Amino acid sequence: MYSILIISKDSEYVRNLEYKISTLNYTLYHTVDLVDALSLMGQQTIDVAIVDSESEESDKAILTHLKNAYPKVIRFCVSGIQSNSEHYLPKKMNNSQIQCNKSISIDELFSIIEKVLEIDAKVKDKNLVNLMSNLKHLPTVPQVYFQMTNMIMNNASVEEIANKLEEDPAITSNILKLANTAFYNAKTGSIRQAIMYIGLINVKNIILTNAVFGNDGLDPKTRDLHWEHVVKTNKILNAFYIEVLGKKLNNNISSVGLLHDIGSLVLMCNFPKEFDDIVKGVQENSALKFHDLEEKTFGFNHEQLGGHLLDLWGLPYPVIEAALFHHDPLNPKLINQELVKAVHVANYYAWKSINYKKYDNYLVEEVFESLGITKLEFEHFFNAFLKKI
């Protein structure tokens, strides 16, 4: 049985939750403020904390405290303020992992909670956790990532953030490389201007990507190939949202294409022979699926490994979900179905754009219909996109 804590002064909303939860396999606790919540959490194991939004500053303070004191507790924020309902993300960083409007039904809220708990169980699989603790080449998040997160949360200036980033030449170089690609076309050697072009959230995610691609166990040619792949995946994804779907990705997840395949890189670093054997197996028998062979060899696949790392690093659930399901885009348990389907398509066409066929790269064509377009319409966009880069 899972335990849920609701921190709210809205007695009617709490009553609605209590009424619904009486028919489900959950235990609900209620407090009105952070002090009482922390006191209760010191005595009870809590799986999910739901913070009922009062103000931007109050939410940030409560959620930050919960993240620091109880990092394993899943943090929801419910708000009367309109948020991005497609991706369940706040418009501004506040350390919530999922944000919902209070206007959604209690049934929908609990449906999301159930799906998040299933994702959480999947990325915290015991076999995976045990193996991770013994890996020689495991990317670690640099301290500058956490420093920058705090600076953004505290509304630091671009100048202050740029000064901090310039302390790490490798990260600075990768930020400038991305800013000067045809997609952003910044044409600058200034880290300050680069930040203005690509945005602070994208800069944070480049720092994470740099930690993975800077792994000393990775062959340089493999590193360059996969860097080209994830950059193109991200470009295709963002352009697809703007030009075809007519919307813009929430800034908190606009670098999801850079992070979706990090599990593959970690496997390559630590198990080069086994990974090559899997590649050969797929090439020799097209009926075999790459991630099926990974599960047979390691007990899990690269999507699950990537999801585990992103969860460990505290990224939002839509980013974790994209890593976890980008080869399974029609899974009925998805929360952010559109995003995962779009990442699946972008991942496929990114490999196609560099004409690389070594890895298992299949397309679930049913995703086009569910995205409201045809394959022909997407390929028209894709061919036009290729001419721009």
ask   = For the chain, what number results from the quotient of the Cα radius of gyration and 2.2 N^0.38 Å?
value = 1.00
message = Is there a quick way to get the dipole size of the chain? I mean about its Cα centre, with the Cβ of Lys and Arg at +1 and of Asp and Glu at -1; what is the value in debye to the nearest 20?
response = 880 debye
Cleavage-rule hits (GluC sites (Glu not before Pro)) in segment 148-208: DSSP loop, at most 15 neighbouring Cβ within 10 angstrom = E166, E167
request  = Please list, in chain and number order, the residues 5+ apart from Q99 or on another chain whose amide H is under 5 Å from its amide H, with Hs placed from the backbone.
outcome  = C77, L89
message = Given points 7 Å out from each Cα along the Cα-Cβ axis, report the N331 to K296 separation in nanometres with one decimal.
response = 2.1 nm
inquiry  = What does the extension gain come out to for L24 and I389, with contour length at 0.36 nm per residue minus their alpha carbon separation?
reply    = 126.2 nm
note = In order over segment 96-111: 3J(HN,Hα) from phi, Karplus 6.51/-1.76/1.60, θ = phi - 60°, whole Hz, x for each Gly or Pro, gives 7, 8, 9, 10, 10, 6, 5, 6, 5, 5, 4, 4, 5, 4, 6, 5
message = Given a Förster distance of 22 Å, report the FRET efficiency between I242 and E369 from their Cβ-Cβ distance, rounded to the nearest 0.05.
response = 0.55
ask   = Based solely on its DSSP helices, what 222 nm [θ] is calculated for the chain when runs of n ≥ 4 H residues each add -39,500 (n - 2.57) and the sum is averaged over all residues, nearest 500 deg cm²/dmol?
value = -17500 deg cm²/dmol
task = Enumerate by residue number the trypsin sites (Lys or Arg not before Pro) in segment 283-379 meeting two conditions: DSSP loop (anything except H, G, I, E, B), and at most 15 other Cβ atoms within 10 Å of the site's Cβ.
result = K289, K333, K357, K358
task = Compute the distance in nm between two label points, each set 7 Å from the Cα along the Cα-to-Cβ direction, one at L38 and one at K177.
result = 4.3 nm
message = Placing +1 on the Cβ of each Lys and Arg and -1 on the Cβ of each Asp and Glu in the chain, which of T172, G80, L218 has its Cα farthest towards the positive end of the resulting dipole?
response = T172
note = Along segment 42-52, Karplus-curve 3J(HN,Hα) (6.51, -1.76, 1.60; θ = phi - 60°) to the nearest Hz, with x for Gly and Pro, reads x, 10, 10, 7, 10, 9, 9, 10, 10, 9, 7
request  = Give, rounded to the nearest 20 debye, the magnitude of the charge dipole that segment 11-65 has about its Cα centre when Lys and Arg contribute +1 at Cβ and Asp and Glu contribute -1 at Cβ.
outcome  = 280 debye
task = Treating only the Cβ atoms of Lys and Arg (+1) and Asp and Glu (-1) as charged, compute the dipole magnitude of segment 260-360 about its Cα centre; round to the nearest 20 debye.
result = 260 debye
message = Please list D292, D33, D59 from largest to smallest accessible area, probe radius 1.4 Å, with all protein chains kept in place.
response = D292, D33, D59
ask   = In whole percent, how big is the carbon plus sulfur part of the accessible area of the chain, probe 1.4 Å, protein atoms only?
value = 49 percent
ask   = Which whole-number percent gives the relative contact order of the chain, counting Cα pairs below 8 Å spaced six or more residues apart?
value = 13 percent
key: Solvent-accessible surface (1.4 angstrom probe) belonging to H308, in square angstrom, nearest 10   = 20 Å²
note = Over 30 Å (Cα to Cα) among K67/K333; K126/K164; K122/K204 -> K126/K164
query = Once phi is turned into θ = phi - 60°, what whole-Hz ³J(HN,Hα) does the Karplus curve with 6.51, -1.76 and 1.60 give for every residue of segment 143-156, x standing for Gly and Pro?
reply = 4, 4, 4, 5, 5, 5, 4, 5, 5, 5, 4, 9, 6, 5
request  = Quick one: go through segment 3-44 and flag any residue whose amide nitrogen is under 13 Å from the point 7 Å out along the Cα-to-Cβ line of H65.
outcome  = 7-8, 31-42
task = At 7 Å along the Cα-to-beta-carbon direction for both E284 and Y362, put a label point, then send me their distance in nm to one decimal.
result = 1.9 nm
task = Compute the separation of the alpha-carbon centres of segment 255-325 and segment 155-214 and state it in Å as a whole number.
result = 27 Å
Segment 317-382 - percent relative contact order, Cα under 8 Å, separation 6 or more = 26 percent
task = Return one number: the angle in degrees, 0 to 90 and rounded to the nearest 10, between the long axis of the Cα atoms of helix 337-353 and the longest principal axis of the Cα atoms of the chain.
result = 10 degrees
task = Can you bin segment 256-389 into rounded, prolate or oblate? Criterion: square roots of the alpha carbon gyration tensor eigenvalues sorted a ≥ b ≥ c, rounded for a/c under 1.5, prolate for a/b above b/c, oblate for the rest.
result = oblate
key: Amide H contacts of A186 (H built 1.01 Å from N, under 5 Å, at least 5 apart or other chain)   = N180, T181
ask   = Which trypsin sites (Lys or Arg not before Pro) does segment 212-249 hold that lie in a coil by DSSP with at most 14 other beta carbons within 10 Å?
value = K247, K248
ask   = Between K273 and S3, what length comes free when the chain is fully extended (0.36 nm per residue of separation minus the Cα-Cα distance, one decimal in nm)?
value = 92.9 nm
ask   = Taking amide H positions as placed 1.01 Å from N in the peptide plane, with prolines and chain starts having none, which residues 5 or more places from Y29, or on another chain, fall under 5 Å of its amide H?
value = I4, L5, I6
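The values are calculated or read from the model by the stated rules, or taken from the named source; none is laboratory data. Please read these numbers as outputs of a predicted model, since none were measured by experiment. With ideal geometry, Cβ positions are generated from the backbone for all residues, glycine too; neighbour counts draw on all protein chains shown. Surface areas here come from the heavy atoms of the whole protein model, side chains and all, with no ligands, DNA or RNA. Shrake-Rupley method; radii C 1.70, N 1.55, O 1.52, S 1.80 Å.
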